[in-house]
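Every read-out reported here was derived from the displayed coordinates using simple, explicitly stated rules and does not represent laboratory data. Note that the structure is predicted; figures quoted are calculated from it, not measured. Reconstructed Cβ throughout: ideal geometry from the backbone, glycine too, with neighbour counts over all protein chains shown.
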Amino acid sequence: MLAAMTYFIGCDFDGTVTIHDTLHLLVQRFAPEVWLPIEKRLRDGELTLLQAIEEEFRQIRVTPDEAVAFVLREAGIRAGFPEFVGWAETGGHELVLFSSGFRVLIDPMLAHAGLGRVRVEAGDAEFSLDGTVLSFPSSEAECRSTCGLCKREAIAAHGPFNGRLVVHIGDGYSDLCAARQADIVFARADLARFLDKEGITYHAFEDFFEVIRVLDAETPEPPAS
């Protein structure tokens with residue numbers, strides 16, 4: 001009898017696990033005047049995503065406690081995510097959150113939701129009243145990790161997957177390269193629009209109950225012997 005197929009699941013955090021993107025919330029609350037000019041330069045290709053985030057957050061002057069309290073109050077956890085974590089654990093699937101956001105925000109949000117055990121790979125931020133300094137893992141990706149964390153590279157580092165299907169779940173530009181390489185993709189918001197333009201198949205979702213239903217219904221072929 002063949003063993004049940006398990007998945008390696010890479011999942012974005014901001015705008016995917018959360019209802020509202022924590023980075024967007026902080027910029028719009030603490031440096032609203034920089035949002036539109038920098039976002040326009042990003043759309044026009046003058047800045048990479050990482051450069052845009054760095055420019056925006058240099059203007060964020062707030063204590064760590066204030067930043068964390070604000071996102072805990074405003075960001076929210078998407079419906080079904082706690083259940084999705086339990087589903088992955090019960091089914092023997094490996095779930096890792098890959099984020100271009102910051103551990104200083106992600107870890108407290110997960111802990112607050114009782115999910116501090118979930119593995120996270122992300123950048124970080126040092127908040128202060130003099131401005132915010134960011135740090136991200138080094139990258140060998142050809143794109144030089146212009147998203148902060150190269151999710152494609154980070155996911156590949158967990159291989160070989162030995163027959164497991166790779167799932168990616170996301171909502172934005174930083175998920176695009178990882179989605180191109182995944183076996184099964186769940187997308188919403190900007191990521192869905194990017195994938196539509198490239199003709200890449202994905203499952204649309206608005207909560208993690210939908211993700212569970214789709215993955216439960218998948219009947220992948222067993223790996224070749």
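Descriptive notes on the structure:
- Folded to 0 to 90 degrees: helix 208-217 orientation relative to the chain principal axis, Cα: 20 degrees
- Integer Hz, Karplus 6.51/-1.76/1.60 couplings in order for the range 71-81, x for Gly and Pro: 6, 4, 7, 10, 7, x, 9, 5, 4, x, 5
- Couplings 3J(HN,Hα) of the range 116-129, computed from phi: x, 7, 5, 6, 10, 10, 7, x, 8, 9, 10, 7, 7, 6 Hz, in residue order, whole Hz [Karplus 6.51 cos²θ - 1.76 cosθ + 1.60, θ = phi - 60°; x for Gly and Pro].
- Size of the chain as Cα extents on the principal axes (Å, biggest first): 62, 37, 29
- Only alpha carbons enter this Debye calculation for the range 8-120, each as an equal point scatterer, and the log10 of I(q)/I(0) it gives at q = 0.11, 0.14, 0.18 Å⁻¹ is -0.40, -0.62, -0.92.
- Note on the range 71-173: antiparallel DSSP beta bridges, both residues inside, total approximately 40 percent of the bridges counted.
- When only Cα pairs below 8 angstrom with a gap of at least 6 residues are kept, the range 109-200 shows a relative contact order of 17 percent.
- Applied to the range 169-185, the Karplus parametrisation 6.51 cos²θ - 1.76 cosθ + 1.60 on θ = phi - 60° returns per-residue 3J(HN,Hα) values of 10, x, 9, x, 4, 5, 9, 5, 5, 5, 5, 4, 9, 6, 7, 9, 10 Hz, with x for Gly and Pro.
- Where only alpha carbons of the range 92-213 are counted, the Rg and the Dmax (Å): 15.2, 49
- Under-5 Å amide H pairs with D21, H placed in peptide plane, nonlocal only: G15
- Summing charges over neighbours of L95, with a neighbour being any other residue whose Cβ is under 11 Å away from its Cβ, gives 0 when K and R count +1 and D and E count -1.
- Neighbours of F127 by Cβ distance under 15 Å: Lys/Arg scored +1, Asp/Glu scored -1, total -4.
- For the range 1-57, the normalised intensity computed at q = 0.14, 0.21, 0.25 Å⁻¹ comes to -0.50, -0.86, -1.04 (log10 of I(q)/I(0), Debye sum over alpha carbons, equal scatterers, no solvent).
- Measuring gaps between exposed loop sites in the chain (trypsin sites (Lys or Arg not before Pro); DSSP loop; at most 16 other Cβ atoms within 10 Å), the longest gap, sites not included, is 145-225.
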